[in-house]
Amino acid sequence: MNLQIEQLGVKLGANGLPYGIPIHPNLVHLTLGLFIIAIAFDVAGMLFPLEQPILKFLVLTAVRRGFFDVGWYNLLASAVVTFFTVAAGFFEIMLADPPTDVKSAWGLGASPTMLMHGLGGVLLLTLIVVMTVWRGFQRYHWRRDEDKQVHWSYLVAGVAILGLLFLQGTLGAQLGDEFGVHTTAANLLRQGKNPNELLR
């Protein structure tokens, strides 16, 4: 695949990509942050009566609806960003050239790890979009006039997805750390090359 890319006149850098910094890991952290904030603020909205005395003591004016607003808009942003995260991941995984003689901490080779990580990305994209649709129906239809904008079952599902995100992130970390997929300095050092000379 790398040879075909180079035949198109695209030069691959030391990290095996046509650009200096991998895009996928940066978008992954944006997806994670937005989703975590969405679930955390919805939990805070549900527990608002318990927090209200603390907020009053700290002289912080907050209303329950504000927590739910933050939860909704962060989840919506997470769903949008995740499409780009998965797309960048598939593009970068197509250009990967991992070692075939290395096993991860889970005992997997590079190819099964990449396959699981790719399928996991599609699964999580689907789950985040489903959660966003579910959250939208709760916000605008089912619980529009209620004080609590979400149901506990939604929050339990969100926490379960956080667990899946942790497993998915571990697979991604193994690709970068243990297989050296698109890592620059660390991978070059493993190959006995000087990153200072190649990454100028």
Quick check: anything in the stretch 124-140 surrounded by 13 or more Cβ atoms within 10 Å (Cβ to Cβ), within 16 Å of residue 65 (Cα to Cα) and β-branched (Val, Ile, Thr)? no
Could we say that residue 152 is of a type outside the set (Lys, Arg) and at pLDDT 85 or above here? yes
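Being assigned to a loop (DSSP other than H, G, I, E, B), surrounded by 13 or more Cβ atoms within 10 Å (Cβ to Cβ) and modelled with pLDDT of 65 or more is the requirement here; does residue 15 meet it?
Numbers: assigned to a loop (DSSP other than H, G, I, E, B): yes; surrounded by 13 or more Cβ atoms within 10 Å (Cβ to Cβ): yes; modelled with pLDDT of 65 or more: yes.
In short, yes.
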Go through (1) closer than 15 Å to residue 31 by Cα; (2) surrounded by 19 or more Cβ atoms within 10 Å (Cβ to Cβ); (3) of a type outside the set (Ser, Thr, Tyr) and name the single condition residue 77 misses. (2)
Taking the stretch 18-72 only, how many residues are modelled with pLDDT under 70 and either under 20 Å from residue 89 (Cα atoms) or in contact with a Leu (Cβ under 7 Å, 6 or more places away or on another chain) (or both)? 1
Filter result for residue 183 (of a type in the set (Ser, Thr, Tyr) and outside any helix (DSSP H, G or I)): yes
Quick check on the stretch 146-158. Is at least one of its residues closer than 21 Å to residue 27 by Cα and under 15 Å from the mean Cα position of the chain (by Cα)? yes
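Matching residues to (1) acidic (Asp, Glu); (2) assigned to a helix (DSSP H, G or I); (3) under 21 Å from residue 43 (Cβ atoms); (4) touching a residue at least 12 places away in the same chain (Cβ under 8 Å):
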site: 99; (1), (2), (3), (4): no, no, no, yes
site: 118; (1), (2), (3), (4): no, yes, no, yes
site: 122; (1), (2), (3), (4): no, yes, no, yes
site: 140; (1), (2), (3), (4): no, yes, yes, no
site: 154; (1), (2), (3), (4): no, yes, yes, yes
site: 158; (1), (2), (3), (4): no, yes, yes, yes
site: 164; (1), (2), (3), (4): no, yes, yes, yes
Residue that is modelled with the highest pLDDT [pool: residues in the stretch 110-123 that are more than 13 Å from residue 165 (Cβ to Cβ), surrounded by 13 or more Cβ atoms within 10 Å (Cβ to Cβ) and not aliphatic (A, V, I, L, M)]: 118
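The values are calculated or read from the model by the stated rules, or taken from the named source; none is laboratory data. Since this is a predicted model, take the numbers as computed values, not measurements. With ideal geometry, Cβ positions are generated from the backbone for all residues, glycine too; neighbour counts draw on all protein chains shown.
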